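Visitor: This is the structure I have questions about; it appears just below.
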Protein chains: 2
Amino acid sequence: MIPLLIDVKNKNVLIVGGGKIALRRLLLFLEEGALVTVVSPVAVPEIIELSNLNQINWLEKKVDITDLQHAFIIIAATNDSKINEWIAENVSENQLVNVVSSAEKGNVTVPKSVKKGRLTLAVSTNGASPRLASQICNQLSNQFDDRFIKELDQLYENRVIKKNNM
Amino acid sequence: MIPLLIDVKNKNVLIVGGGKIALRRLLLFLEEGALVTVVSPVAVPEIIELSNLNQINWLEKKVDITDLQHAFIIIAATNDSKINEWIAENVSENQLVNVVSSAEKGNVTVPKSVKKGRLTLAVSTNGASPRLASQICNQLSNQFDDRFIKELDQLYENRVIKKNNM
């Protein structure tokens, strides 16, 4: 597994499932400007509300193979691991798929991450303990104060100016 | 940009360019089991050597549009930013592309990362200073000793046992 930063702005992200985990993933992608579709016969109130506000597209039905087409990334987050695994088996060769019930069935996992200005930290324990990964991520990010984040902005600006003068 | 861990094992990775930066990216993907193809009329000795050893596939020519097809991820790493940008403009909608000369033209950037056992740390300054990102990544990873990494292995084993008993 290689850690990469992926720009999901305006990308079609398919979330299969309508529970709490589906919601958590959904918010992560929505905040980064993805075009999110949820496929699930039922959904938690927050998903229904986001759908009512036209922030996401909710298909109130069971997933089928046509839903998987054209998605940039698919999050298999139903409470039925058989359905999740069926999804992983039916994506196309180069599609990105995250299976929340058994990460090893997909080709994407979602590490814990924190953003502070231009600084992004990501931590994964590769399945050992998501809770510990979260704690570590918060602890590490606390080591960087506002002054550091401002210095990083200055470094970025200097770099852009230098590049434009080349 | 969302930090994700991507499994590139047996995936087609296309590296366009044959210089030092191309080599650095190449090694990152090769170590994770990717099927690496390099397209470049010229290449540094390490790339030629890897090709001779059949560890990678080197196409000794300029890139054209057919090279881009079927790649899971494309690294545009030539020393000509015009060619790199042409690549970014000609990938298909859901293809992953990293443009080393101007990260904002692609949809993937590569953070600095360190692996210690099951622990993966990734650090990005989003273009402010790759060197500083590297320093931070090393400093943070030094906070985790061998004992911690062993404990993480134990946590993982306990979790797998628990899951299999459910």
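A short reminder: the numbers here are calculations on the coordinates, not readings from a lab. This is a predicted model, so every value here is computed, not measured. Here the Cβ positions follow ideal geometry from the backbone for every residue, glycine too, while neighbour counts run over all protein chains shown.
Visitor: Every residue in segment B:56-76 that is assigned to a loop (DSSP other than H, G, I, E, B) and either touching a Cys at 6+ places or on another chain (Cβ under 7 Å) or loosely packed, with under 14 Cβ neighbours inside 10 Å (or both), please. Give the derivation first.
Guide: At the first step, the residues of segment B:56-76 found to be assigned to a loop (DSSP other than H, G, I, E, B) are B:56, B:60-64, B:69-72.
Answer for segment B:56-76, where residues must be assigned to a loop (DSSP other than H, G, I, E, B) and either touching a Cys at 6+ places or on another chain (Cβ under 7 Å) or loosely packed, with under 14 Cβ neighbours inside 10 Å (or both): B:60, B:61, B:62, B:64, B:69, B:70.
Visitor: Moving on. Consider segment B:51-76. How many of its residues are free of Cβ contacts under 8 Å to residues at least 24 places away in the same chain and within 14 Å of chain A (Cβ to nearest Cβ)?
Guide: Result for segment B:51-76: 1.
Visitor: Restricting attention to segment B:14-30, report how many residues are within 19 Å of residue B:112 (Cβ to Cβ), of a type outside the set (Lys, Arg) and within 12 Å of another protein chain (Cβ to nearest Cβ).
Guide: The qualifying residues number 4.
Visitor: State the number of residues belonging to segment A:150-166 that are more than 10 Å from chain B (Cβ to nearest Cβ) and either hydrophobic (A, V, I, L, M, F, W, C) or touching an Asp or Glu at 6+ places or on another chain (Cβ under 6 Å) (or both). Can you show your working first?
Guide: Within segment A:150-166, the first condition is being more than 10 Å from chain B (Cβ to nearest Cβ), and the residues that meet it are A:150, A:161-162, A:164-166.
With the extra rule that they be either hydrophobic (A, V, I, L, M, F, W, C) or touching an Asp or Glu at 6+ places or on another chain (Cβ under 6 Å) (or both), the set shrinks to A:161, A:166.
So the answer is 2.
Visitor: Can you pull out the residues in segment A:113-144 that are buried (at least 20 other Cβ atoms within 10 Å of the Cβ) and more than 7 Å from chain B (Cβ to nearest Cβ)?
Guide: A:133, A:136
Visitor: Hey, can you tell me all the residues within segment A:92-109 that are in a loop (DSSP other than H, G, I, E, B), facing chain B (nearest Cβ under 9 Å) and crowded, with 18+ Cβ neighbours inside 10 Å?
Guide: Residues satisfying the conditions are A:95, A:106, A:107.
Visitor: Continuing with the same structure: Find all pairs meeting these conditions: Cβ atoms under 8 angstrom apart; at least six residues apart or on different chains; first residue within segment A:77-91 and surrounded by 20 or more Cβ atoms within 10 Å (Cβ to Cβ); second residue of a type in the set (Val, Ile, Thr) and in a helix (DSSP H, G or I).
Guide: Matching pairs, first to second residue: A:77/A:21.
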